[in-house]
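Encoded as structure tokens, the structure appears first; notes follow it.
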Amino acid sequence: MTLLEVRDLHVWFDLSGSRQLHAVQGVSLDVDAGERVGLVGESGCGKSTTILAILGLLPSSASVAGEVRLEGASILSPEEEVARPHRWRDIAMVFQGAMNALNPVKTVEAQIVEPMELHGTAEGAAARKRAGELLEMVGIAPSAGARFPHEFSGGMRQRAALAMALACDPKVLLADEPTTALDVMVQAQILELLERLARDLGLSLILVTHDLPVVAQVCERAAVMYAGEIVEEGAMERLFHSPRHPYTRMLFAATPDLYGDEDVLSIPGSPPRLDRGIVGCPFRSRCDRAFDRCERERPVLRWVEGGGSAACHLNDLPAGASAGST
Amino acid sequence: MRRGDYLIKRVLFALATVFVAITINFFLFRVLPGDAVRSLARVPRATASLRHSLEVQFGLDRPKWEQYLIYLRELLHGNMGISFTNQQPVWDNLREDLANTIPMVTLGTFVAIVIGILTGVFSAWRRGTRMDQVSTNLAIAFYSFPTQWLALVLLIYLSAWFPSHGRTDDFLIDPTWWEHTADVLRHMFLPSLTVALTLYGEYTLIVRSAMLETLGEDYVLTARAKGLSQRRIVVRHAFRNALLPTTTLIALSLGYIVAGVILVETVFSWPGIGNAVYQAVTERDYPMLQGAFLVLTVSVVFFNFLADLLYFRLDPRITE
Amino acid sequence: MGVRADMSDELLDVEGVPAVGESGNWFLRVLRESRQAQIGLAVLLLFVILAFLAPWIEPYDVHTRVGPIYAPPSIHHPFGLDDGGIDMLSLLIQGGRISMIVGFAATLVAMVIGGGIGLVAGYFGGWADGVLMRITDYFIVIPDLPLAIIVAAVWGASLTHLIFVIALLLWTTTARIVRAQVKSVRERVYVKRSRSLGASDLRIIFRHVLPQIGPLLMANTVLTVAVAIFDETALAFLGLGDPTSITWGNIIEFAFLRTAISSGAWWAVIPAGLCVALMIMACFWLGQAIEDALNPRLKVAYVSPRVFRLLPPMTQGPR
């Protein structure tokens with residue numbers, strides 16, 4: 001059963017001088033119950049904006065089109081009251097850099113209890129008890145809940161953020177770069193924790209990251225984003241063994257930077273500007289197999305062999321033919 | 001930073017500042033040449049024996065550095081000399097003046113803080129809207145009005161409804177406690193209102209700025225993701241965090257309150273320490289002038305110190 | 001190419017960091033993008049020009065009586081007459097001139113003192129820094145007006161004294177800003193490089209450090225002018241200005257002392273204060289705009305009265 005559906009999501013941001021930035025260009029994504037899906041791409045490709053849009057957390061400079069459905073019900077609306085009941089209760093989020101995502105003047109426990117009392121899932125002593133259990137689940141001593149965020153290390157803060165996210169027993173967890181800015185050892189621990197919890201609790205997970213090994217470790221399926229749209233989507237196995245988009249292929253082949261918090265993907269060139277209309281394939285300037293059709297026509301997502309979809313003209317060529325023969 | 005260390009540092013700084021002020025006082029009035037420099041003993045219309053005893057007390061025939069030490073000693077005993085104007089001890093005069101100033105200023109400052117916080121939070125929440133612009137520019141305007149001018153404007157237009165001079169009505173014979181208090185309050189209205197209007201503008205800007213800073217923090221986004229309503233976020237989360245820089249800045253603005261007090265009390269002849277300064281200047285009552293300067297400086301230093309303590313309490317990041 | 005006396009400078013340029021601080025166009029950019037800055041600058045320039053042209057545009061002589069005491073505004077005298085029968089408009093224009101001269105002069109002195117102290121403290125660091133900053137801290141805490149009052153009372157009334165007294169109150173913010181900026185610029189590699197090549201301290205200061213701190217200093221200067229003018233009115237009101245000159249502050253003081261209120265002569269009071277307020281507001285707008293432009297803490301507001309816009313649905317998905 002499809003738990004979360006995103007249909008044809010578009011997001012524009014207002015820029016100075018009545019221009020607009022088309023940050024998300026027709027993204028569609030389905031997540032089933034208990035499924036772990038990765039959303040991969042370079043910074044600026046629109047992946048964070050996509051998941052913020054799912055919760056309706058976009059600023060007033062944004063214009064949105066499309067649909068987001070949770071268990072069939074539409075939750076994308078400027079009316080706060082449409083999305084608000086679902087926030088944290090059904091869909092929770094772990095942010096990049098939990099350092100700042102936690103309020104420095106409140107104790108960790110208080111911050112975990114807060115959504116519980118807000119949504120009425122627990123109160124008072126019962127809520128505090130549950131907070132303690134959650135902390136334990138992520139590997140923090142319950143008594144540490146009485147401390148303030150600045151007393152925790154980076155890794156511990158991220159764990160605390162995770163405990164906080166699980167406070168109301170959500171069905172879907174959105175994780176935006178949860179391990180960026182943590183050192184490698186801690187990264188591995190957090191990811192392992194994330195995967196284990198998702199599995200044990202039957203959570204659906206959308207994991208946003210620029211870091212492929214991260215996705216590979218945690219997710220069964222992934223969508224690759226480039227310049228605001230999904231260019232390929234499918235099971236991790238298939239993406240690795242037979243990618244159907246040059247970008248995906250390059251991503252898997254690129255040497256990841258061990259210390260990277262910024263992507264240092266060794267793909268030459270840079271993504272196209274999103275404040276102008278794109279003619280042809282947005283990836284063509286960096287693609288090693290672009291041909292004349294790529295200049296003229298923008299590829300659309302099509303089903304491919306092996307499952308999933310990809311947006312590349314190369315997939316339309318008859319098997320065995322090369323680009324030059326069109 | 002360790003709590004204990006921080007406290008000690010602040011106390012030492014406060015004491016040092018007071019000491020510097022005392023030295024400036026001494027330096028200006030004893031060491032600098034000029035027609036304005038008179039010795040403490042030259043109290044007009046004083047008896048010879050009074051002058052003599054003052055000369056002895058303050059060692060005015062001794063070398064300067066000895067005078068300085070004597071000056072310090074006398075200060076510690078609360079002896080600031082005799083007022084030229086009414087031949088009373090300076091400290092007695094100042095005590096009474098302070099007692100008059102404090103209620104008036106406290107009322108005005110309190111109102112200013114409340115209005116400032118309300119408008120500041122509101123402006124930050126509604127940032128960019130027409131209301132924000134109006135509110136902010138109004139705050140800037142009031143902040144820019146010269147205090148004495150604002151006092152005069154209020155005097156011109158409101159003196160029909162409120163008394164414009166002094167603290168009490170001289171013609172009120174044998175008032176009951178209640179009548180007396182009402183009388184004082186009525187006289188206090190215009191001066192306090194002026195203080196409030198002069199101050200609130202700055203507070204609005206401070207609060208607005210602190211709130212905007214806070215509202216851009218990631219934990220505010222987290223709060224929204226949790227499903228908290230905007231109002232609740234503004235009040236419970238953002239405001240609480242914005243209190244930190246706000247308290248510090250408000251305390252630091254206390255120096256301006258002193259300036260305002262002097263100007264306001266002069267316009268309304270409110271018999272407080274500000275007015276005492278004005279009278280002292282006009283009548284060349286140098287002991288009073290020195291005394292008032294010292295008292296005002298000590299007050300400001302004291303409030304700055306209080307603000308440090310308050311900040312301490314509010315910010316959990318300064319702990320062992 | 002041979003070794004030259006200014007070779008160190010050339011090396012610095014080559015390193016990619018321009019020897020003259022930031023693109024000189026930053027000011028124009030601020031102006032273009034901020035309505036606040038435009039209005040502020042316009043008003044400021046207007047006042048300055050009026051002050052400059054004062055002797056030529058005053059309708060009447062400020063020492064000659066042209067009508068009855070406290071005559072109300074009329075066609076000939078749009079701002080009425082004061083208690084000496086002198087035209088208020090002329091007084092205002094003349095007053096503006098002197099007030100602004102005092103304001104700018106005091107600011108200049110404050111900049112020199114504060115800048116000098118900040119420069120020394122920031123550049124040489126260590127012991128000098130400690131002592132100078134300690135002194136600055138004391139001056140910051142000691143309340144402004146009382147200090148000014150006792151200095152002015154002792155020193156005597158004159159415009160020059162007034163300028164220096166006001167400067168005494170203003171130098172501290174400049175000192176702090178300059179020190180902070182100098183410190184940060186000094187830390188940068190290229191200045192250290194320059195030192196190792198033997199460029200003298202003074203040369204480094206003028207060629208590299210000063211231009212970098214320009215923008216922030218300018219914002220500070222503008223705001224300081226505002227405070228200077230404010231202080232002048234306060235001191236004048238308490239009788240510590242120069243009673244023989246005409247300033248906005250004096251105008252307000254005379255109105256107070258010479259029963260303008262009880263005579264109902266609001267025109268002797270209100271316009272002068274409004275001029276001061278306008279001038280201060282203009283300085284504030286301009287200074288704030290520059291400061292805002294320099295501090296790009298452009299944080300997104302996560303809470304705002306309006307949320308995102310939802311557009312009508314479009315079709316299509318993957319085929």
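The values are calculated or read from the model by the stated rules, or taken from the named source; none is laboratory data. Nothing here was measured: the structure is a model prediction, and the numbers come from that model. A quick note on method: Cβ atoms are made from the backbone with ideal geometry, for glycine too, and the neighbour counts reach across all protein chains shown. Ligands, DNA and RNA are excluded from the accessible area calculation, which covers all protein heavy atoms including side chains. Shrake-Rupley method; radii C 1.70, N 1.55, O 1.52, S 1.80 Å.
Quick look at the values:
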| quantity | calculated |
| --- | --- |
| Selection count where residues are under 25 Å from the mean Cα position of the chain (by Cα) and more than 10 Å from chain C (Cβ to nearest Cβ), scope region B:236-260 | 11 |
| Within region B:142-185, tally of residues that are in a helix (DSSP H, G or I) and either within 14 Å of chain C (Cβ to nearest Cβ) or touching a Phe, Trp or Tyr at 6+ places or on another chain (Cβ under 6 Å) (or both) | 15 |
| Given (1) modelled with pLDDT of 90 or more; (2) more than 30 Å from B:V235 (Cα to Cα), number of the condition B:T136 does not satisfy | (2) |
| Residue match in region A:15-33 (condition: out of contact with any strand residue (DSSP E or B) (no Cβ under 7 Å at 6 or more places or on another chain), of a type in the set (K, R) and more than 14 Å from chain B (Cβ to nearest Cβ)) | yes |
| Residue within region B:209-224 that is within 11 Å of chain C (Cβ to nearest Cβ), surrounded by fewer than 21 Cβ atoms within 10 Å (Cβ to Cβ), within 24 Å of B:F145 (Cβ to Cβ) and not acidic (D, E) present | yes |
| Residues (in a helix (DSSP H, G or I) and surrounded by 17 or more Cβ atoms within 10 Å (Cβ to Cβ)) located in region A:289-303 | A:R293, A:C294 |
| Helices (runs of 4 or more DSSP H) fully within region B:221-305 counting 2 or more residues that are free of Cβ contacts under 8 Å to residues at least 40 places away in the same chain and β-branched (V, I, T) | B:273-282 |
| Residues that are out of contact with any Ser or Thr (no Cβ under 9 Å at 6 or more places or on another chain) and either open to solvent by 50 Å² or more (accessible area, probe 1.4 Å) or under 20 Å from A:L251 (Cβ atoms) (or both), drawn from region A:279-288 | A:V279, A:C281, A:P282, A:F283, A:R284, A:C287, A:D288 |
| Subset of region A:51-81 (residues that are open to solvent by 50 Å² or more (accessible area, probe 1.4 Å) and in contact with a strand residue (DSSP E or B) (Cβ under 8 Å, 6 or more places away or on another chain)) | A:E67, A:R69, A:E71, A:S74 |
| Single condition A:R147 does not satisfy, out of (1) more than 28 Å from A:G38 (Cβ to Cβ); (2) away from every other protein chain (no Cβ under 12 Å) | (2) |
| Residue check for B:I233: β-branched (V, I, T) and within 11 Å of chain C (Cβ to nearest Cβ) | yes |
| Candidate set from region A:100-112 (those that are closer than 26 Å to A:A53 by Cβ and either at the interface with chain B (Cβ under 8 Å from one of its Cβ atoms) or of a type in the set (D, E) (or both)); member that is surrounded by the fewest Cβ atoms within 10 Å (Cβ to Cβ) | A:N100 |
| Any hit, region A:28-46, residues being open to solvent by 50 Å² or more (accessible area, probe 1.4 Å), closer than 30 Å to A:K129 by Cβ and in contact with a Ser or Thr (Cβ under 7 Å, 6 or more places away or on another chain) | yes |
| C:I69 vs. criteria assigned to a loop (DSSP other than H, G, I, E, B), open to solvent by 70 Å² or more (accessible area, probe 1.4 Å) and of a type in the set (A, V, I, L, M, F, W, C) | yes |
| Pick from region B:102-128, criterion within 14 Å of chain C (Cβ to nearest Cβ) and open to solvent by 30 Å² or more (accessible area, probe 1.4 Å), ranking: nearest to B:A151 (Cα to Cα) | B:F122 |
| Residue count, region B:164-208 (criterion: open to solvent by 30 Å² or more (accessible area, probe 1.4 Å) and not acidic (D, E)) | 20 |
| Residues of region C:44-66 classified as open to solvent by 70 Å² or more (accessible area, probe 1.4 Å) and over 35 Å from the mean Cα position of the chain (by Cα), total | 1 |
| Extreme residue, farthest from B:T17 (Cα to Cα), among residues of region B:278-306 that are within 7 Å of chain C (Cβ to nearest Cβ), of a type in the set (S, T, N, Q) and surrounded by fewer than 24 Cβ atoms within 10 Å (Cβ to Cβ) | B:T282 |
| Exclusive hit being touching a residue at least 24 places away in the same chain (Cβ under 8 Å), over 30 Å from B:Q230 (Cα atoms) and hydroxyl-bearing (S, T, Y), set B:T198, B:T176 | B:T198 |
| Strands (runs of 3 or more DSSP E) enclosed by region A:1-77 - at least 2 residues per element that are among the acidic types (D, E), under 27 Å from A:G202 (Cβ atoms) and modelled with pLDDT of 90 or more | A:20-32 |
| Inter-residue pairs, beta-carbon under 8 Å, first open to solvent by 100 Å² or more (accessible area, probe 1.4 Å) and modelled with pLDDT of 65 or more and in region C:20-33, second part of a helix (DSSP H, G or I) and not hydroxyl-bearing (S, T, Y), 6+ apart | C:R29/C:A293; C:E33/C:A293 |
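Conditions (1) open to solvent by 40 Å² or more (accessible area, probe 1.4 Å); (2) modelled with pLDDT under 90; (3) within 24 Å of the chain's Cα centre (by Cα), marked per residue:
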{"position": "C:T224", "(1), (2), (3)": "no, no, yes"}
{"position": "C:I229", "(1), (2), (3)": "no, no, yes"}
{"position": "C:T247", "(1), (2), (3)": "no, no, yes"}
{"position": "C:E253", "(1), (2), (3)": "no, no, yes"}
{"position": "C:A260", "(1), (2), (3)": "no, yes, no"}
{"position": "C:I270", "(1), (2), (3)": "no, no, yes"}
{"position": "C:A277", "(1), (2), (3)": "no, no, yes"}
{"position": "C:C283", "(1), (2), (3)": "no, no, yes"}
{"position": "C:D292", "(1), (2), (3)": "yes, yes, yes"}
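Quick grid of which residues meet (1) within 14 Å of chain B (Cβ to nearest Cβ); (2) surrounded by 17 or more Cβ atoms within 10 Å (Cβ to Cβ); (3) not in a helix (DSSP H, G or I):
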position	(1), (2), (3)
C:I117	no, yes, no
C:Y123	no, yes, no
C:W127	no, no, no
C:V131	yes, no, no
C:T136	yes, yes, no
C:L147	yes, yes, no
